[in-house]
Amino acid sequence: MRERLPSLKLPLAMTGLFLVTLLLFCADILFGGTPLEAGDVVRALFGEGTPESKIIVMEFRLPRALTAVIAGAALSVSGLLMQTLFRNPLAGPDVLGISSGAGLGVALTVLTLSPLFAITADSPLQGWGMILAAWAGAGMVMVIIMAVSSRMRDIMTVLIVGLMLASAISAVVSLLQYFSNETMLRTYVIWTMGNLGNISWQQLRALTIAALAGMILAFVMVKPLNAMLMGETFSRTVGVRMRSTRLMLLAAASILAGSVTAFCGPLAFIGVAVPHMARLLFRTTDHRTLMPGTALFGAAILLVSDLISTAPGGGQIIPVNTVTSLIGIPVVLWIILGKNATAGRR
Amino acid sequence: MKKRGIVIAETEELTIGYASRRRSIRVMEHLSVSAGSGELVALIGRNGAGKSTLLRTLVSLQPAVGGKIRLHGRDLHSIGSTMLPRIVSFTSTEPVAERNISVRDAVSLGRFPYTNWIGTMTDADREAVDHALEDTGMLTLAGRRLDNISDGERQRTLIARSLAQDTELLVMDEPTAFLDLPSRYGIVSLLRKLTREKGKCVIYSTHDLDTALNEADRIWLMDGECIIEGAPEDLILSGTIARAFESPLLSFSSKEGTFSFVRGRRKGIALKGDAPALSLTEKALGRCGYAVDQQASVRVKVQTGPEGWRWTLAEGSETRSFSTLYELMVHLPEE
């Protein structure tokens with residue numbers, strides 16, 4: 001219970017989580033696929049040391065770690081927004097097909113438009129092009145899900161529609177793959193495995209700006225989000241304008257999930273699982289605490305996933321998507337089983 | 001006698017229903033009722049009469065199809081969306097979306113219309129929340145989560161939230177639904193206390209006629225075509241209640257203000273004995289198809305003795321004795 005003690009416990013938990021995240025960030029830079037002495041890493045960060053270590057640290061590890069922080073935070077906050085918006089503990093970018101929608105946008109740009117306009121991977125046009133396409137795809141799915149959930153109160157119906165949408169989209173993507181050339185196909189398949197390291201500084205800048213915009217939009221909405229915990233009717237009677245609030249939340253969640261998915265591929269289960277971990281740690285439902293808490297927790301989890309994915313060493317890498325699934329799925333199962341257990345007791 | 005308070009809410013020739021571009025469905029027309037400060041108003045009516053529609057229209061959750069609603073003498077339309085939540089609060093039957101929320105956090109959300117853009121609670125806000133928790137008897141449970149308390153306590157939490165919202169008018173849709181008898185009574189007496197001690201005006205809808213007729217200052221009765229208002233006893237005397245709720249199976253006693261089942265053709269039975277078992281025996285006999293008739297040939301006598309109550313059943317010269325009413329009922333002569 002955080003009754004009467006919030007003044008002490010909350011900042012303590014938040015500071016602790018921040019320090020852990022910072023530690024993980026440093027670890028993610030120190031350790032990587034190619035072994036490097038800690039001293040070399042530090043020297044490279046200050047622009048000294050061998051050219052080889054400088055390239056490894058400045059062009060690979062640092063952007064990679066930064067991407068993990070931004071992507072983890074953005075995906076988790078997106079999940080938090082969706083869980084409150086849909087009144088559904090299992091809502092999240094991947095579960096409801098939002099990531100698939102973003103994927104469709106990416107597939108369309110990578111597989112069809114890029115070869116058409118001969119846009120290379122490094123051009124800034126592709127950076128923002130992919131982001132915009134991912135936003136559009138994510139937003140499209142989100143609007144469909146929203147329309148369904150306004151008619152169907154049943155959580156399961158909405159989840160099933162999300163699954164169907166994801167399947168339909170993957171069918172469309174398969175069709176696109178069939179008609180595309182081999183190089184583009186390989187780019188796309190590698191993208192689907194989830195990758196934090198394949199991002200240039202230029203793309204990282206685009207991702208940062210987009211994620212920040214989404215975060216600000218989300219944070220402006222904490223008060224109505226809290227009211228929505230009590231239900232829609234209550235929110236309306238205390239003066240929340242539901243239509244515009246919903247639209248804002250949809251936009252924020254699509255921007256956050258869409259931008260990350262565009263550059264890092266679908267990172268499974270981060271968005272669903274992390275908000276629950278944050279609720280467990282902070283023992284509150286208040287979005288003023290949950291939102292920064294979820295963002296930090298998401299960054300930490302993705303940093304851990306990245307450390308694990310590069311652990312085999314010698315250039316071998318486990319796809320991040322696999323690691324996040326292994327971390328997230330137990331949490332999701334715990335939610336489903338826990339909910340059913342309480343329902344059965346009644 | 002308590003003087004009637006200042007009028008807080010009133011409707012004038014109100015038409016409620018659902019209007020869309022193509023057609024409008026009028027649930028009820030010509031509604032003219034009012035409610036004053038310090039009054040407990042019970043809205044009753046049969047299922048589908050439009051009780052929720054009326055309440056939702058009163059708090060501006062849906063537009064009126066026609067007519068006027070005035071809160072504090074001001075037209076509902078002229079009250080802005082930032083002002084309205086400070087004048088009227090609403091508790092619906094909608095389940096709370098996040099059942100993990102603590103009682104205190106839920107009640108704190110009642111301060112929504114007063115806090116800044118991020119919802120920061122000032123000392124005054126916290127004090128209002130504490131008072132609301134205290135008035136509803138929820139202070140000791142403030143740290144509990146909503147899915148860890150009983151249905152009655154959850155309803156109290158919602159009432160506390162309404163109180164924290166600090167409005168003079170509290171509108172509640174079926175606050176006693178799904179509650180057991182003691183909790184139902186507890187909720188209504190709490191609402192009554194709020195009207196007496198805080199001068200609030202509480203309008204609530206209910207199917208619990210008994211409590212409504214006993215506790216409410218004013219009844220709004222929705223009866224198919226129209227709405228009739230008045231003190232419960234006025235409506236009983238005028239026969240309005242009986243007309244609205246009587247059916248071939250149910251009869252209303254204006255003397256006691258209670259409903260009872262209509263019994264079919266009855267056989268006579270003579271009954272003598274001591275109170276309070278006498279009236280209970282009469283009730284049990286009534287259920288078995290007997291009406292008391294002291295001239296009848298079948299006779300029942302109930303007396304208290306050293307071993308408790310005893311019932312004697314006499315039919316002609318045959319006499320039998322029982323220690324429980326149940327046994328007596330089993331042995332009553334059939335047709």
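Pull out a ≥ b ≥ c, the square roots of the eigenvalues of the alpha-carbon gyration tensor of the range B:7-258, then state rounded if a/c is under 1.5, prolate if not and a/b is larger than b/c, and oblate in the remaining case.
Values: a/c = 1.87, a/b = 1.32, b/c = 1.42.
Since a/c reaches 1.5 but b/c is at least a/b, the shape of the range B:7-258 is classed as oblate.
Would you please give the FRET efficiency between B:Met83 and B:Glu197, computed as 1/(1 + (r/R0)^6) with r the Cβ-Cβ distance and R0 = 25 Å, to the nearest 0.05? Intermediate results must be reported in sequence, preceding the final value.
Working: r = 26 Å, r/R0 = 1.02.
Working from the Cβ atoms, E equals 0.45.
For B:Val262 and A:Thr192, FRET efficiency with R0 = 51 Å and r from the beta-carbon atoms, rounded to 0.05? Write down the numbers at each step before the final one.
On the way: r = 72 Å, r/R0 = 1.41.
Efficiency, rounded to the nearest 0.05: 0.10.
What is the sum of charges around B:Met28, taking Lys and Arg as +1, Asp and Glu as -1, for the other residues whose C-beta is under 12 Å from the C-beta of B:Met28?
Values: positive: B:Arg26, B:Lys51; negative: B:Glu13, B:Glu29, B:Asp223, B:Glu225.
With Lys, Arg at +1 and Asp, Glu at -1, the neighbours total -2.
Residue by residue through the range A:36-52, which ³J(HN,Hα) values in whole Hz follow from phi under the Karplus form 6.51 cos²θ - 1.76 cosθ + 1.60 (θ = phi - 60°), with glycine and proline marked x?
9, 5, 4, x, 4, 4, 4, 4, 4, 5, 9, x, 10, x, 5, x, 5
For B:Asp223, which sequence-distant residues (separation of 5 or more, or a different chain) have an amide H within less than 5 Å of its own amide H, given hydrogens modelled in the peptide plane?
B:Ile228
Give me the inter-chain shielding for B:190-203: mean count of other chain Cβ atoms within 10 Å, whole number please. Let's see the in-between values first.
Working: counts 0, 0, 0, 0, 0, 0, 0, 0, 0, 0, 0, 0, 0, 0.
Averaged over the peptide's residues, the number is 0.
Rounded to the nearest 5, what % of DSSP beta bridges with both residues in the protein assembly as shown are antiparallel? Don't skip to the answer; put the middle values down first.
Numbers: 40 of 64 bridges.
Restricted to the protein assembly as shown, the bridges split so that about 60 percent are antiparallel.
Could you list the residues of the range B:287-314 with an amide nitrogen less than 20 Å from a label point located 7 Å from the Cα of B:Ser253 in the Cα-to-C-beta direction?
Those under the cut-off are B:287-294, B:302.
Can you compute the helix-only [θ] at 222 nm over chain B? Use -39500 (n - 2.57) per DSSP H run of at least 4 residues, normalise by all residues, nearest 500 deg cm²/dmol.
Values: 11 runs with 100 residues, N = 335.
Using -39500 (n - 2.57) per qualifying helix, the result is -8500 deg cm²/dmol.
What is the packing order of peptides B:287-295, A:295-303, B:154-162, B:236-244, taking the mean over residues of other C-beta atoms within 10 Å and listing the highest first?
Values: B:287-295: 13.9, A:295-303: 27.9, B:154-162: 25.6, B:236-244: 16.4.
Top to bottom by mean Cβ count within 10 Å: A:295-303, B:154-162, B:236-244, B:287-295.
Arrange the peptides B:187-195, B:268-276, B:315-323 so that the one whose residues have, on average, the most other Cβ atoms within 10 Å appears first. Display every interim value, and only then the final one.
Details: B:187-195: 19.6, B:268-276: 14.9, B:315-323: 11.6.
Listed from highest to lowest mean packing, they are B:187-195, B:268-276, B:315-323.
For the range B:267-331, take N as its residue count and report Rg(C-alpha) divided by 2.2 N^0.38 Å.
On the way: Rg = 10.8 Å, N = 65, 2.2 N^0.38 = 10.7 Å.
Here the Cα radius of gyration is 1.00 times the empirical estimate.
Could you line up A:Arg236, B:Arg266 from fewest to most neighbouring Cβ atoms inside 10 Å?
Details: A:Arg236 21, B:Arg266 14.
Lowest to highest Cβ neighbour count: B:Arg266, A:Arg236.
Could you pull out every residue, at least 5 positions away or on a different chain, whose amide H is within less than 5 Å of the one on B:Gly199? Hs are placed 1.01 Å off N in the peptide plane, and Pro or chain starts have none.
Answer set, sorted by chain and number: none.
Please compute the average number of Cβ atoms from other chains found within 10 Å of each residue's Cβ in peptide A:279-285.
What the average comes to for A:279-285 is 3.
Under a Cβ-Cβ cut-off of 13 Å, what is the net charge of the residues other than A:Gly72 that fall near it, where Lys and Arg count +1 and Asp and Glu count -1? Please report the intermediate quantities before stating the final value.
On the way: positive: A:Arg64; negative: A:Asp28, A:Asp306.
It works out to a net charge of -1.
Each residue of the range B:321-333 in turn: what ³J(HN,Hα) in whole Hz from Karplus with 6.51, -1.76, 1.60 and θ = phi - 60°, glycine and Pro shown as x?
10, 10, 9, 10, 5, 4, 4, 4, 5, 5, 9, 4, x
Based on the Cα gyration tensor of the protein assembly as shown, what are the three equivalent ellipsoid semi-axes, each the root of five times an eigenvalue, rounded to whole Å and given largest first? Mind dumping the intermediate values first?
Working: eigenvalues 847, 161, 124 Å².
Listed largest to smallest, the semi-axes of the protein assembly as shown are 65, 28, 25 Å.
Residue by residue through A:237-250, how many Cβ atoms from other chains fall within 10 Å of the Cβ on average?
Details: counts 16, 14, 9, 3, 1, 0, 0, 0, 0, 0, 0, 0, 0, 0.
Going residue by residue through A:237-250 and averaging, the value is 3.
I'd like the distance separating the alpha-carbon centroids of the range B:209-277 and the range B:285-335, in whole Å.
Here the answer is 29 Å between Cα centres.
From the backbone phi of the range A:299-308, what are the Karplus-calculated ³J(HN,Hα) couplings (6.51 cos²θ - 1.76 cosθ + 1.60, θ = phi - 60°) in whole Hz, Gly and Pro given as x?
4, 4, 5, 6, 4, 4, 4, 5, 4, 5
Cα to Cα, under 18 Å, and not fewer than 8 places away if on the same chain: which aspartates and glutamates meet these conditions relative to B:Lys301?
Correct list for B:Lys301: B:Asp274, B:Glu282, B:Asp293, B:Glu315, B:Glu318, B:Glu327.
Calculate the spin-label point distance for A:Ile216 paired with B:Glu13, positioning each point 7 Å from the Cα along the beta-carbon direction, and give it in nanometres.
Taking the simple label geometry, B:Glu13 and A:Ile216 are separated by 5.3 nm.
Say R0 is 41 Å: what FRET efficiency, to the nearest 0.05, do B:Ala177 and B:Glu315 get from their beta-carbon distance?
On the way: r = 47 Å, r/R0 = 1.16.
Calculated value: 0.30.
Would you grab the residues whose amide H sits under 5 Å from the one on B:Asp293? Only those 5+ places off in sequence or on another chain, please, with H modelled 1.01 Å from N.
HN-HN under 5 Å from B:Asp293: B:Ile269, B:Ala270, B:Leu271.
Kindly work out what percent of the DSSP beta bridges joining two residues of the range B:267-331 are antiparallel, to the nearest 5. Numbers along the way, then the final one.
On the way: 13 of 20 bridges.
Just about 65 percent of them are antiparallel.
If packing is taken as the average count of other Cβ atoms within 10 Å, what order do B:143-149, B:15-21, A:89-95, B:5-11 fall into, highest mean first? Walk me through the intermediate numbers first.
On the way: B:143-149: 16.4, B:15-21: 14.7, A:89-95: 26.4, B:5-11: 19.4.
The densest-packed peptide leads the list: A:89-95, B:5-11, B:143-149, B:15-21.
The numbers here are math on the coordinates, done by the rules we state, and not lab data. Because the structure is a prediction, the values reported are computed rather than measured. Ideal geometry is used to build each Cβ from the backbone, glycine not excepted, and the neighbour counts take in all protein chains shown.
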